[in-house]
Every structure is written in structure tokens, then in C-alpha cells.
Amino acid sequence: MTMAGARQAKKSRRILNSVMSVVLGLIFFVPLLFPLYWIVVASFQNLSTIYANAPALFPTHIYTKNYSLAFSSIIGNIGVSLVIAVSVVLLSWLVGVPAAHALARRGGRLAALIVLVMLVTQMIPGISISIALYTIFHRWGLLGTYIGLILADAAAAIPFVIIVVRAFMVTLSGELFDAASVDGAGPVRSFTAVGVPLAVPAIITVGLFALLGAWNDFVNAFTLNAGSGPQPLTLGLYKFVTEYTSNDGAIFAAATLAAIPTTALLFAAQRWIRGGLRAGALKG
Amino acid sequence: MAATATGVKEGKRASLTGARRASTPVGHSSFRLNRRTTERLVLIGFLVPALTYVVLFFVYPLYQDITISFQDYGFSALASGHGTYVGFANYTAMLNNSTTIRALVNTLIFTVASVMFQFAIGFALAVYLNRQFAGSGFLRRFILVPWVMPLVVTGTIFSLIFATSNGLANEILESLGLIHSPIGWLTNGYLALTAIIIANIWAGVPFNAVLLYSGLQDVPAEQLEAAAVDGANGWQRFRRVTVPSMRPVILIVLMLGVVYTAKVFDLPWVLTGGGPANESQLMSTWAYTNAFTAFNFGTGTAVANILLLFTFLVGVVYIYISRGERARAARPMRVGGQR
């Protein structure tokens, strides 16, 4: 083969490669993102257009009535979810981070056993816990309350906080803690002044996961708070859908609104969420 | 963090640079004698809230699940907190109930089909993005969008997609000429289960893709290059180098996929509620239906316990494998924006 021929072949292979990249990209990402595009477009159409013949794939006009109905109905739920999710983050940090520190500083069989128990809790179906908590909270008077739902949602988050933060803290050099100790820092101070500041990346990551977990929770909300009490977004959307079965436009709008907060959080904290996903799954 | 605010007063405000090491106060030696004990007590104190939490919100509920599953536990028992002991009656009743068998089979089909497709598509997507072409970084940002959404939202979106009239699925199939009249996706048992599986695959692909993508990045480049020099083609390199070195990640992703899929409740509940006529019930939705629709907590917990046994067994295998992997390659973990 001549030099020119080889160069020619190389060039055409490169073109073929980039064409394939685009084709494969479409095959992967159209199914991934099209459903979202479809509900957003449909949410701006009025009912008669939607029913005339399936929602159009391209917006022909902007109809915002769907949103005024959906928004006024679920804005309260968004507030409830915010209160619950932020409380769950704070509570799971408060309970989980000191425990992670203790387990990282003290190795040994007992610490290993506790970490194992934390891992096992991650395997338990939410519905098993929810049914039991319903009977327990019934006696404790916690059904349909903020506190009950916050406690239940934090229970799902705390083991994850401990597993991931401990795994991170174990990699911190023991010399830093020794130096602090020589300087006269007690065990509490070595936690607040050395352990916590150094583990900030892991602490932020697990905080985001606790936030997402509580925000997305449906099992606990649906079993513990369905009857009465504070209704988070997932429950609000579920009830909205069952109430407005004949108003698809409003349902499209409500689903779109409900998808916005977590999507926004993902784009704001993409790297942290990816890191947490890997840490949680692969580094137990 | 607020948990520790009270403890800060204890001890001197020591500088961490060691500059004040010389000025240790008198009486320090007696303090030092107690130091180990103090440290141990404080660390135990750090653990107590977490352990209490696990006992109250995992151990106690599971104990409750087991006791209730041997009781006749309805409205009156709920108020008193005690049901009548009935032995294995709830379990035999459930296992003789055709819906339970259906739910078991459905859960198995749902789990296997979901995990298989999520894994295959996720792996293909990971390999695709690992090629680092122009725009791969941009596309990568969108992968997790389906994963972060509440499953209730996913369920709602797919109930609109699979709607008989004007649903996206039927519109596409009709415009392609594959069907001539709308299919009742959510009104036929097996189609309803298929719809749940498709929605779940959509929600689960991102999880698989991200973990497998990170596994691909850890495949030693030298080995791939060496194989290329030896004349191995792309598929052979993938088969002989990439897959073997990713074995632990692959196993973990599959195990976690099985556990997380088998226990999912939100998505099937919002999409079909177990219907039509219990035909798409999964163990999770069937446990809920028993407990909260029939108000029979005895049978509800019996079904939940059967599901728990399954996820627990898979979980034990997962923990065993992940420990093995960690022992094999004790690499420093990456958290946060390090990549």
C-alpha cells in the first residue's frame, strides 16, 4: 500500500468512527432523554390538543393553565419535602459522622462487625421496615407527623453515611491525629478539628445522598403519612395523579415540576453524586 | 457539627502546629494517665446514637415483622399492640394463595429481566462513553438524570407513556405500522409486567453505566496495550483483558442490581398498583396490599419476610464478594470531585 493510500484509509476510518459515535449516541440517548422531552412538551398543551391526537412532538403553542393548576396543588408538598429532606441530612450527619469517626479510629473485630451490620441494613426492603414502623408508630403516636417521617427516612440514610464516611476516614493518616494528640487535643477535639475537616468531601457526598433519599422516598410517606399529616412531594404527586385522572395536561405539568428539583441538584453536584455512587457501591 | 460543640471545652485549645507543645500545663501527666480511658469512652459515646438508631429502626422493626407474621394482626391488634398467636397459619395461607405464587414468579421475572437489560445496556453505554470522543463528557452529564428522579415521577411518566389512548408507546408503534389498534399496556397482566420492567430498566441503566464506567477506567492500560501489540483485536481485548480485570465490579453491580430491583415498591405501585386483578403484583406490592388494603398485617409481614429472606441471601453473597475485592485491591477510594 502506498503512503497516500494508507493516509486515505486512516482518514476514512476516522470519519467512519465519528459517524458511528453519533449513531450510537442517538441509540443510547434518545430513549434515555426522549420520555422527559415528551412530558415537558405535552405539559404545555391544552387538553383538547392532547386528546385530539396524541400530544404533539413539537410545541405548537404554549398553554400554561396546566401549570397553574399543578403548581398551586403541589407547591405545599415541595415545602414539606424540603423541611423533611434537610432535617434528614442534619440528623444523619449528627448520628452518622461521629460513629464513622469512632469506627475509623478504632479497628478491631467489633468495629468490623458494626460495619457489617450497617451493610446488611442496606439489603432490607423498605416495605419490610415500613409495615413494621406503621404498627410501632401507631403506638408511639408518630403516624402522620414530621418527626415520624424524618426518623424513618434518616434510618435509611444513617448506615450509608457511616459506611462511606468511615471508608474515607480510614484512609486519613494516623499521624495527623497523633500530632493533634501531642498538642493536647482530646478525643472530641481531634474529631472536630482533624477528622471532620479532612472528611468534608465524604461528608458532603453522603449529605447529598441523604437529601436525595429523603426527597425521593415514597414507601415511608405512603405508609406512615398517607392518611394525614405532612405530605411530601412524592405523596402529593401520587395523590394529584389519582385525583386528576381525567386531566392529563395537569398530570404532565405536575410530573415535570416534580422532576425539576432533583435534576437541578444533579447538574449542580454532578461530581459529588458520581463519587458517592461509586463509594457506596464499590467501597463497602 | 453540632454533635460535638459541647466537647470542645475539654482540654486546652491546642494549636496543631506543635508550637505550644512546650507550654503543657502542670497536672498534664495525671490527665495523660486517664487519656486512653477518656478516648475510649468518647469513641463509645460517638457510637451509641448510631447503634441505638439501628436497634430502634432496623432490629426492632424486623423483630416486629417476625412476631407479627405469626399472629392474627388486624385493626384491634393494631390498637392493643398484640395479636393472637396463630403459628405458621399466615405463611401457609399465603403460600396456598395463587396471587402469592404469581407475585413470586413476577418478582423473579421482573428482577432477572430488569437486571439483565440494565446491565447489558449500562455496560454498552459505559464502553461507548469510555472512548472519549468529542462530546462524550457532555453526554456523560445526562446519564444520571433518570436515576436521581423520584421513582414516583418515573412511574407517573411511564403511566402516561403506556396509556392506552394517546400514550407515547402506542403512538410510536402505530406510526411504525407495527400495531393497528392501541394496545392496553396496563390492562393486561403480562403487558403490565412488561411495562413495569421497561420503566425500571430506564431508571436503572444509569446506575449500571456509571459504576461500570468507573470500573473501565481502572482497567490497566498497559495490559490493553500489551494485548494490542500481541495482535488482539478490540473484541478479544475486551473479552480477555477488560472483562477479567473488571470481574469484581461486574459481580457487585449485578448483586446490588438484584437486591435493589427485588425490593422496589414505588415504581410498580404507581404504574399498576399490582393490577389488573393482582396480575402484576410483585412481592413488595403484594405485602403492601395485604397490610394496608386488606388490613391484615400478619399476612403482609409474612409476604415481606419471604422477600426479605431473598434479598438477605443475595446481600450476604454481595458482602462476601465485595470484601474479597477489597482484600484483593486495597486502592484508596475516591469521593467527591476528584475525577
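The values are calculated or read from the model by the stated rules, or taken from the named source; none is laboratory data. None of the values given here were measured: they were computed from a predicted structure. Reconstructed Cβ throughout: ideal geometry from the backbone, glycine too, with neighbour counts over all protein chains shown.
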message = For the condition hydroxyl-bearing (Ser, Thr, Tyr), away from chain A (no Cβ under 11 Å), within 28 Å of A:PHE34 (Cβ to Cβ) and surrounded by fewer than 18 Cβ atoms within 10 Å (Cβ to Cβ), what is the one hit in B:THR272, B:THR187?
response = B:THR187
ask   = Residues A:LEU172, A:LEU211, A:LEU224, A:LEU235: which one is farther than 30 Å from A:GLY144 by Cβ and not charged (D, E, K, R)?
value = A:LEU172
request  = Go through region A:69-105 residue by residue and tally those that are in contact (Cβ under 8 Å) with a residue 12 or more places away in the chain and more than 8 Å from chain B (Cβ to nearest Cβ).
outcome  = 21
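Can we say B:TYR213 is in contact (Cβ under 8 Å) with a residue 24 or more places away in the chain and surrounded by fewer than 18 Cβ atoms within 10 Å (Cβ to Cβ)? Before the answer, list the steps.
Values: in contact (Cβ under 8 Å) with a residue 24 or more places away in the chain: yes; surrounded by fewer than 18 Cβ atoms within 10 Å (Cβ to Cβ): no.
It is false that B:TYR213 is in contact (Cβ under 8 Å) with a residue 24 or more places away in the chain and surrounded by fewer than 18 Cβ atoms within 10 Å (Cβ to Cβ).
Could you check region A:117-133 and list, in sequence order, the residues that are more than 7 Å from chain B (Cβ to nearest Cβ) and either more than 19 Å from B:ILE306 (Cβ to Cβ) or surrounded by fewer than 22 Cβ atoms within 10 Å (Cβ to Cβ) (or both)?
Going residue by residue through region A:117-133, those that are more than 7 Å from chain B (Cβ to nearest Cβ) are A:118, A:122, A:130.
Result: A:MET118, A:GLN122.
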key: Neighbours by Cβ (under 6 Å, 6+ apart or cross-chain): first from region A:32-48, under 19 Å from A:TYR244 (Cα atoms); second aromatic (Phe, Trp, Tyr)   = A:ILE39/A:PHE252; A:ALA42/A:PHE252; A:SER43/A:PHE252; A:PHE44/A:TYR63; A:GLN45/A:TYR63; A:ASN46/A:TYR63
inquiry  = Just to be sure before I move on: is A:GLY108 more than 9 Å from chain B (Cβ to nearest Cβ), touching a residue at least 24 places away in the same chain (Cβ under 8 Å) and over 20 Å from the mean Cα position of the chain (by Cα) in the structure I sent?
reply    = no
ask   = Would a scan of region A:182-193 turn up a residue that is out of contact with any Phe, Trp or Tyr (no Cβ under 9 Å at 6 or more places or on another chain) and within 25 Å of A:ILE127 (Cβ to Cβ)?
value = no
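Here is a check on your reading of the model: is B:ASN200 within 10 Å of chain A (Cβ to nearest Cβ) and not small (Gly, Ala, Ser)? Walk me through it before giving the result.
On the way: within 10 Å of chain A (Cβ to nearest Cβ): no; not small (Gly, Ala, Ser): yes.
Taking the combined requirement at face value, the residue does not satisfy it.
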request  = Return the only residue of A:SER87, A:SER92 being buried (at least 24 other Cβ atoms within 10 Å of the Cβ), modelled with pLDDT of 95 or more and part of a helix (DSSP H, G or I).
outcome  = A:SER92
request  = Would you be able to say whether some residue in region B:57-74 is surrounded by fewer than 18 Cβ atoms within 10 Å (Cβ to Cβ), assigned to a loop (DSSP other than H, G, I, E, B) and modelled with pLDDT under 95?
outcome  = yes
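So for region B:78-90 (the condition being more than 11 Å from chain A (Cβ to nearest Cβ), assigned to a loop (DSSP other than H, G, I, E, B) and either touching a residue at least 40 places away in the same chain (Cβ under 8 Å) or surrounded by 20 or more Cβ atoms within 10 Å (Cβ to Cβ) (or both)), does at least one residue qualify? If you could, list the steps in order and put the result at the bottom.
Initially, region B:78-90 is screened for residues more than 11 Å from chain A (Cβ to nearest Cβ), giving B:84-90.
Next cut, assigned to a loop (DSSP other than H, G, I, E, B) only: B:86-88.
Those still in the list that are either touching a residue at least 40 places away in the same chain (Cβ under 8 Å) or surrounded by 20 or more Cβ atoms within 10 Å (Cβ to Cβ) (or both) too: B:86.
Yes: one or more hits.
Could you go through region A:151-166 and let me know if any residue there is crowded, with 22+ Cβ neighbours inside 10 Å, in contact with a Pro (Cβ under 8 Å, 6 or more places away or on another chain) and within 8 Å of chain B (Cβ to nearest Cβ).
Applying the first criterion (crowded, with 22+ Cβ neighbours inside 10 Å) to region A:151-166 yields A:151-166.
Pick out the ones that are also in contact with a Pro (Cβ under 8 Å, 6 or more places away or on another chain) and you get none.
No, region A:151-166 has no match at all.
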message = Checking the structure you have, find out if any residue of region A:228-240 is among the small types (Gly, Ala, Ser), more than 7 Å from chain B (Cβ to nearest Cβ) and surrounded by fewer than 20 Cβ atoms within 10 Å (Cβ to Cβ).
response = yes
remark   = Here the residues within region B:272-291 that are at pLDDT 95 or above and of a type in the set (A, V, I, L, M, F, W, C) are B:LEU282, B:MET283, B:TRP286, B:ALA287, B:ALA291
ask   = Any idea which of A:ALA132, A:ALA100 is over 19 Å from the mean Cα position of the chain (by Cα), more than 23 Å from A:LEU235 (Cα to Cα) and modelled with pLDDT of 95 or more?
value = A:ALA100
ask   = Looking at region A:252-272, which of its residues are part of a helix (DSSP H, G or I), more than 20 Å from A:VAL80 (Cβ to Cβ) and in contact with a helix residue (DSSP H, G or I) (Cβ under 6 Å, 6 or more places away or on another chain)?
value = A:PHE252, A:LEU266, A:TRP272
request  = Collect the residues in region B:128-157 that are under 15 Å from B:PRO206 (Cβ atoms), in contact (Cβ under 8 Å) with a residue 24 or more places away in the chain and in a loop (DSSP other than H, G, I, E, B), keeping them in residue-number order.
outcome  = B:ILE143, B:LEU144, B:MET149, B:PRO150
remark   = Heads up, the helices (runs of 4 or more DSSP H) in region B:206-304 (entirely inside) with at least 2 residues that are over 30 Å from B:GLY184 (Cβ atoms), aliphatic (A, V, I, L, M) and over 15 Å from the mean Cα position of the chain (by Cα) are B:221-229, B:243-262
